[in-house]
Amino acid sequence: MERIQTRLAIVAWLAAALCHLVETLHRTFPAAAFVGMAEDLGADAAAMGLIGSAYFFIYMFMQVPGGLLGDKYGPVPVLTVGTVVAGIGSLVVAGSQSIVQAFSGRFLVGLGVAVVFVNVLALQAELFSPAIFATLSGWVAFLGNIGSVVGMAPLAQLCDQVGWRRAAQILALFSVVVAAVAWVAGRSFNRPKEKATTQNIRCQAGTLLTTSGVKAVLLSYFCTCGPLMAIVTLWGIPYIMTIWEVSSAQAAASLGLVPLATMISAPLLGTLADKLGKKRPLLLFCYALQTAALVALLILSPTKADYWVVSLCCFLLGIPNSMYVL
């Protein structure tokens, strides 16, 4: 009986992790559909930047509320409803006829997926031992970055073949299907926690922010995550196309090496962290590697290097991107 429960727990965890895969697909959609969306909506670079940023505005502000919702109702209903909301947002994007409508759709997508990852980790913490938490987080990142890989060149190719609107509709349908699977697989493991008082929440938040090293980690992750997300989710493909004069498919293929490297390195980094029992040296290594790769990507041009160096820089950027599993 215990073995059956363990297997069911693994299935529930995998189904929840698939919602994170959907999240990363939604995240990279504007980059894959950049050219078609800009032409159809009559959007310039600034407008496309605004559309792309809608996702991150609400994503940022929903992190703490998303965790509180998971504590109140349990992680499974929160992450499944969030995935459905993201699908609805994708439908809004597909039907948008103006920049405002596209912004609203991406805002809905961000609202939905914002609650997914934190509740996948919450479910994981309930189902498995803390001793393997970083290892399992690495595998969640692995699955999530499959979505990022598919969201680069393959999704860009799909947008070219069927149009970005139809691609957004397909993504919406996929979101609803995955949400249904996650609900069926995980509902028996859903355990809402006792309602926390406002005073307890403030006390815990104060303790967290005064804990040694936490503020430094938050600030450093803010500085490293922001530039990378801007490159991967929107500006990377048009930047590479412009500077290196390559096609969107070729630029997407190079940028797709970022999530591919993250997919490979995340399980390894998580396992290494659990074995070493130390995270600081790994974090410092990731910060240094990302800085070096970003600087190289920005200063290089066709007159200074061959194009394969761009692909190498993209791959190296993806390795430190997996440090969020720590």
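Coordinate-derived values only; no laboratory data. Everything numeric here is computed off the predicted structure, so don't read it as measured data. Don't worry about glycine lacking a Cβ; one is built from the backbone with ideal geometry, like all the others, and counts go over all protein chains shown.
Data overview
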quantity: Gaussian network model of the chain, Cα within-10 Å springs - most flexible of T224, T135, T262; calculated: T224
quantity: Dipole magnitude of region 32-178, debye to nearest 20 (Cβ charges: Lys/Arg +1, Asp/Glu -1, about Cα centre); calculated: 160
quantity: Lys, Arg +1 and Asp, Glu -1 on Cβ, resulting dipole of the chain about Cα centre, debye, nearest 20; calculated: 960
quantity: Value of Rg to Rh for region 75-151 (Rh from inverse mean 1/r over Cα pairs, i.e. Kirkwood); calculated: 1.10
quantity: Ranked V92, V109, V76, criterion: other C-beta atoms within 10 Å, fewest first; calculated: V92, V76, V109
quantity: Residue order, fewest to most beta carbons within 10 Å, for S311, S248, S98, S175; calculated: S98, S311, S248, S175
quantity: Relative compactness, the chain, computed as alpha-carbon Rg over 2.2 N^0.38 Å; calculated: 0.99
quantity: The chain: calculated mean residue ellipticity at 222 nm from DSSP helix runs of at least 4, using -39500 (n - 2.57); calculated: -26500 deg cm²/dmol
quantity: The chain: DSSP helices with Cα axial extent of at least 30 Å and average Kyte-Doolittle hydropathy no lower than -0.5; calculated: 2-32, 164-186
quantity: S247-F222 pseudo-label distance in nm [points 7 Å out on the Cα-to-Cβ vector]; calculated: 4.2
quantity: Extension gain, T303 back to F57 (0.36 nm per residue minus Cα-Cα distance, nm); calculated: 84.8 nm
quantity: V184 versus A46: modelled label distance in nm, points set 7 Å from Cα along the beta carbon direction; calculated: 4.9
quantity: Exposure proxy ranking, count of Cβ atoms within 10 Å, fewest first, for E126, E23, E39; calculated: E39, E126, E23
quantity: Residues in region 22-49 that a label on D160 would reach, taking backbone N under 15 Å of a point 7 Å out along Cα→Cβ; calculated: 32-37
